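Just below is one structure, and these are the notes that go with it.
Nothing in this text is a laboratory measurement; each read-out follows from the coordinates by a stated rule. Please read these numbers as outputs of a predicted model, since none were measured by experiment. Note that each Cβ is placed from the backbone with ideal geometry, even for glycine, and that neighbours are counted across all protein chains shown.
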Amino acid sequence: MRKTILSIVLVVAFFNSCMNSKKEENILKNNQVDRKEINLKSKLHIYTTAKDTELRLSKTGSQFFKKKVQTLETETAVFVNPKKIFQEFLGIGGAITDASAEVFSTLNEQQQNQFLQAYFGENGINYNIIRTSIHSSDFGLGSHTYIDEGDSELNTFSIAKDKEKRIPLIKKAIELVKDDLVFYASPWSPPAFMKSNKSMLQGGKLLPEYRQAWAVYYAKFIKAYEKEGIPVWGLTIQNEPMAVQRWESCIYTAEEERDFLKNYLGPTLEKEGLGDKKIIVWDHNRDLISERANTIFEDKDAAKYAWGIGFHWYETWTGGLPKYDNLKNINESFPTKNMMFTEGCQEGFDTERLHYWPNAERYGNSMINDFNSGVVGWTDWNILLDERGGPNHVQNFCFAPVHANTKTGELTYTPTYYYIGHFSKFIKPGAKRVSTTTSRTTLESTSFLNIDGTIATIVMNKTDKKISYKLAIGNVETTVHILPHAMQTIVY
């Protein structure tokens with residue numbers, strides 16, 4: 001009898017050992033790639049944007065690698081290991097809001113074409129992600145919905161207002177994006193009659209009796225936009241669900257968002273033949289993101305509808321440090337779920353600070369650390385605003401990467417535009433992030449391996465000094481110089 005039990009124990013142990021070995025083998029297989037070592041004939045090209053210079057995504061050099069020698073303790077280095085690969089890159093883009101469309105409509109045809117090419121053209125910075133709002137947000141001339149107030153049956157549903165200026169701009173943009181388009185939408189508030197405070201502004205909650213009608217509203221939006229020839233990739237459930245704003249807003253606790261997803265929105269989209277649309281939860285800041293992920297992703301009936309979790313960066317505006325460790329925690333805790341940066345902008349518009357360099361460096365820091373934390377896509381806020389940082393119907397004026405003077409038509413490309421371009425222009429959808437570290441905190445860096453085999457390494461220097469560093473990959477290296485307050489992309 002003892003021999004039989006022992007035999008069973010040994011068989012079970014052997015089986016578990018085999019399964020664990022197989023699991024480890026799969027993990028290794030998914031996180032490394034067999035490629036030839038980068039050799040001495042490999043040429044790298046350097047592109048730079050730097051403060052107090054004329055350099056804006058400018059090619060500043062080409063050079064070759066040399067045989068690697070052991071890095072000294074006194075040296076600054078960026079280490080890239082292309083054999084260790086991580087998440088697949090979805091893309092980078094921004095939001096086409098009513099405000100952006102309003103400003104765009106004031107430009108003449110030549111200015112409009114220049115603007116569109118700058119963002120979406122092959123000679124521009126190659127945006128492929130577009131976000132928009134489901135009816136109105138604060139960035140527009142006023143609040144509106146797609147139905148008459150009180151129409152709980154949604155019989156009056158119409159996107160006619162969006163067809164005036166917003167949809168024409170979206171269509172012009174997606175004509176340039178072509179195959180890699182990721183178009184998604186977010187609501188800021190349900191119609192006033194559906195809410196506890198009877199207002200689209202100042203928070204309030206979705207009333208239980210309107211949950212089904214509100215879920216159908218999303219489906220109607222998707223179908224209406226797709227009828228216009230705009231393929232909808234997905235949506236977020238609610239913009240900033242834990243913020244009572246003076247503009248359009250609505251509060252969901254983690255449990256309320258979970259239950260709305262699993263009992264209403266998810267089943268409704270499936271019933272309407274829209275089950276392939278990606279649903280993003282949270283869509284708020286990094287500070288409270290873990291609670292939302294834990295609550296929704298640990299519920300299998302809700303999690304099955306969620307593609308991933310979205311986040312903003314506004315927890316940092318009070319001067320605190322960005323909570324990148326929360327992103328890493330979600331990536332480790334829920335590896336099958338995706339993370340998407342869904343909104344960020346520099347608040348507090350000031351005409352004198354259109355070329356304020358720390359604004360761009362905030363973007364660079366966020367993008368590098370978000371991607372290094374496992375994020376697959378990154379979405380800026382308004383792609384275009386006017387000379388006041390609007391229009392915004394509650395005067396919540398902000399910066400955008402590009403501003404237009406509505407009196408003269410002059411377009412201003414801020415340093416932020418170029419910093420974003422150091423990522424979006426050189427990292428292609430489908431790329432895989434590869435292991436990248438730095439030996440000093442003076443430099444920040446990330447790298448992606450494109451499908452064509454090229455690698456783009458992005459390096460940022462936020463210091464007041466020029467820095468020389470080794471770029472070391474496998475058995476080769478080269479010395480690169482980066483100017484003070486500069487961003488570089490190195491392609492090889």
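HIS355 versus GLU54, label points 7 Å from Cα toward the beta carbon: distance in nm?
For HIS355 paired with GLU54, the spin-label model returns 1.3 nm.
What does the convex hull of the Cα atoms of segment 225-334 come to per residue, in Å³, rounded to a whole number?
Convex hull volume per residue, Cα atoms: 119 Å³.
Would you compute the Debye intensity of segment 84-153 from its alpha-carbon atoms alone, equal scatterers and no solvent, and pass along log10 I(q)/I(0) at q = 0.11, 0.12, 0.22, 0.23 Å⁻¹ to two decimals?
Log10 of I(q)/I(0), two decimals: -0.44, -0.50, -1.03, -1.07.
Sorted by mean Cβ packing within 10 Å, highest first, what order do the peptides 252-265, 342-355 take? Numbers along the way, then the final one.
Details: 252-265: 19.5, 342-355: 16.9.
So the order, starting with the most tightly packed, is 252-265, 342-355.
Assuming R0 = 60 Å, what is the FRET efficiency of SER62 and SER158, from their Cβ-Cβ distance, to the nearest 0.05?
Plugging the Cβ-Cβ distance into 1/(1 + (r/R0)^6) gives 0.65.
In segment 74-115, which residues have a backbone nitrogen under 12 Å from the label point lying 7 Å from LYS407's Cα in the Cα-to-Cβ direction?
none
So how do 408-415, 454-461 stack up, highest first, on mean other-Cβ count within 10 Å?
Taking the mean over residues of other Cβ atoms within 10 Å, the ranking is 454-461, 408-415.
Taking the alpha-carbon centroid of each part, what is the distance from segment 97-127 to segment 384-439 in angstrom?
Their Cα centres are 12 Å away from one another.
In debye, nearest 20, what is the charge dipole magnitude of the chain about its Cα centre with +1 on Lys and Arg Cβ and -1 on Asp and Glu Cβ, if you could check?
That gives the chain a dipole magnitude of about 2060 debye.
For segment 135-273, just run the numbers: alpha carbon Rg, then divide by 2.2 N^0.38 Å, N being how many residues it has.
Normalised Cα radius of gyration, segment 135-273: 1.04.
Counting only residues 5 or more places away or on other chains, whose amide H sits under 5 Å from the amide H of ALA77 once H atoms are built in the peptide plane?
Result for ALA77 returns SER439, ARG440, LYS470.
Given a Förster distance of 56 Å, report the FRET efficiency between ILE451 and GLN202 from their Cβ-Cβ distance, rounded to the nearest 0.05.
It comes out at approximately 0.75.
Looking at segment 90-426, I'd like the Rg to Rh ratio, where Rg is from alpha-carbon atoms and Rh is Kirkwood's inverse mean 1/r.
A ratio of 0.94.
Relative contact order of the chain, please, whole-number percent, based on alpha carbon pairs below 8 angstrom and at least 6 residues apart.
Reported as a whole number, the value is 22 percent.
Which of the lysines could a cross-linker bridge to LYS195, judged by Cα under 19 Å and excluding same-chain residues fewer than eight apart?
Straight-distance partners of LYS195: LYS205.
Among MET367, PRO401, GLY204, pick out the residue whose Cα is farthest towards the positive end of the charge dipole of the chain, where Lys and Arg carry +1 and Asp and Glu carry -1 on C-beta, about the Cα centre.
Comparing the listed Cα positions along the dipole, MET367 ranks first.
For ARG246 and GLU73, what is the calculated FRET efficiency with R₀ set at 56 Å and r taken between the beta-carbons, to the nearest 0.05? Show your work: numbers first, answer last.
Details: r = 54 Å, r/R0 = 0.96.
Between ARG246 and GLU73 the formula returns 0.55.
Which value in nm describes the separation of the simple spin-label points at SER42 and GLU347, placed 7 Å from the Cα toward the beta carbon?
With each label point 7 Å from Cα toward Cβ, the separation is 4.3 nm.
Quick one, what does Rg over Rh come out to for segment 387-473 if you take C-alpha atoms and the Kirkwood Rh?
Using only Cα positions, Rg/Rh for segment 387-473 is 1.11.
Using Cα positions and a limit of under 18 Å, work out the aspartates and glutamates in reach of LYS198, with same-chain residues fewer than 8 apart set aside.
ASP138, ASP148, GLU149, ASP151, GLU153, GLU209, GLU248
So for the chain, taking the charge dipole from beta-carbon charges (+1 Lys/Arg, -1 Asp/Glu), which of THR71, PHE311, PHE349 sits furthest toward the positive end?
Value computed over the given set: THR71.
Post the alpha-carbon centroid distance, segment 337-373 to segment 143-219, in whole angstrom.
27 Å
Of the cross-linked pairs LYS178/LYS227; LYS83/LYS178; LYS59/LYS328; LYS277/LYS432; LYS178/LYS262, which ones have a Cα-Cα span greater than 27 Å in the structure shown?
Exceeds cut-off: LYS83/LYS178; LYS59/LYS328; LYS178/LYS262.
Output ³J(HN,Hα) for segment 286-299: one whole-Hz value per residue in order, computed from phi by the Karplus curve 6.51 cos²θ - 1.76 cosθ + 1.60 with θ = phi - 60°, and x for Gly and Pro.
6, 5, 9, 5, 5, 4, 5, 5, 4, 5, 8, 6, 7, 9
Using square roots of five times the C-alpha gyration tensor eigenvalues, list the equivalent-ellipsoid semi-axes of segment 427-492 in whole Å, biggest first.
In descending order, the three semi-axes are 22, 13, 10 Å.
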